[in-house]
Amino acid sequence: AVMLLTLGLSLGADATVQPLNEINRLVKATLEDRALASGHRETSIKLQPLDSRLRLHKCEKKLEVLPSPGSKMLGHQSVGVRCSSPESWTVYVRADVTTYKEVPVLSRPVNRQDIIDHADMALRKINVRSDITGLLTDVNEIVGKEAKRNLSVGQPLRKSDIKLPIIVQRGQIVSLVSGVAGLEVRMSGKALADAASGELVLVQNLSSHKRVQGKVLPSAEVLVK
């Protein structure tokens, strides 16, 4: 059975003691490898030192790092290290893992419904200690988008902060483009909803009065089939 040795355990005068710095080095190397495997190339790892009064039997076999219970790679971590021989013991080392990542941030305040431009952006290296899922790391994903809320200077942006701008508004007269056998046909229609480039929108053909669905082009025309 795996045992957790308590502080101050007496092993006798002839017993060897496991160096705690070996455990710390193993934990740090393991966390660095895990972070690197997750794409975090510039990390900072701070270990909470094991109590110097802790006495553990010198492990005769290679120390084993216990599998991580989850996919969390940043922030507070607790890493288990196990020895199986000559006596079984397990200790847990606490650590705080952060990474540095260069991301686009706002160089000026942006108001809700503003269209973000290249001049509004700057690159900044920030310290990240939590999951960065949803954090936008490519400035091209941001420029040309509309702010969904008021945004502050220096703020990294997430997908939830921006959206494609509306280029076709409900009631707007738009050009309907249809291509059949290489022949392009254009007609006029009325948009029945707001839509951004790339979105589907319902339009009414002004000639036939039929309702059709089409894809909004960057030119604000609507491609129908």
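For segment 203-217, the set of residues classified as over 28 Å from residue 114 (Cβ atoms) and without any contact (Cβ under 8 Å) to a residue 24 or more places away in the chain consists of 204, 207, 208, 209, 210, 211, 213, listed by residue number. If you go through segment 51-77 and keep only what is part of a strand (DSSP E or B), open to solvent by 70 Å² or more (accessible area, probe 1.4 Å) and not acidic (Asp, Glu), you end up with just 76.
Keeping to segment 198-212, report how many residues are out of contact with any Lys or Arg (no Cβ under 9 Å at 6 or more places or on another chain) and either within 19 Å of residue 146 (Cβ to Cβ) or assigned to a strand (DSSP E or B) (or both).
1
Picking from residues in segment 90-116 that are not acidic (Asp, Glu) and not in a strand (DSSP E or B), the one that is nearest to residue 57 (Cα to Cα) is 107. Tallying residues that are open to solvent by less than 50 Å² (accessible area, probe 1.4 Å), of a type in the set (A, V, I, L, M, F, W, C) and more than 30 Å from residue 33 (Cβ to Cβ) within segment 82-125 yields 5. On the basis of being within 30 Å of residue 49 (Cβ to Cβ), more than 15 Å from the chain's Cα centre (by Cα), surrounded by fewer than 17 Cβ atoms within 10 Å (Cβ to Cβ) and touching a residue at least 40 places away in the same chain (Cβ under 8 Å), does residue 129 make the cut? The answer is no for residue 129.
Residues that are aliphatic (A, V, I, L, M) and open to solvent by less than 40 Å² (accessible area, probe 1.4 Å) within segment 194-224 comprise 195, 196, 201, 203, 216, 220, 222, 224, listed in sequence order. Residue count for segment 145-179 satisfying the condition of being among the polar types (S, T, N, Q) and either assigned to a loop (DSSP other than H, G, I, E, B) or without any contact (Cβ under 8 Å) to a residue 12 or more places away in the chain (or both): 5. Only residues that are charged (D, E, K, R) and at pLDDT below 95 were counted in segment 162-174, giving 1.
The values are calculated or read from the model by the stated rules, or taken from the named source; none is laboratory data. Here the structure is a predicted model, which means the values were calculated and not measured. No Cβ is skipped: glycine too gets one built from the backbone with ideal geometry, and neighbour counts run over all protein chains shown. Just the protein is used for accessible areas: all its heavy atoms, side chains included, with ligands, DNA and RNA removed. Shrake-Rupley method; radii C 1.70, N 1.55, O 1.52, S 1.80 Å.
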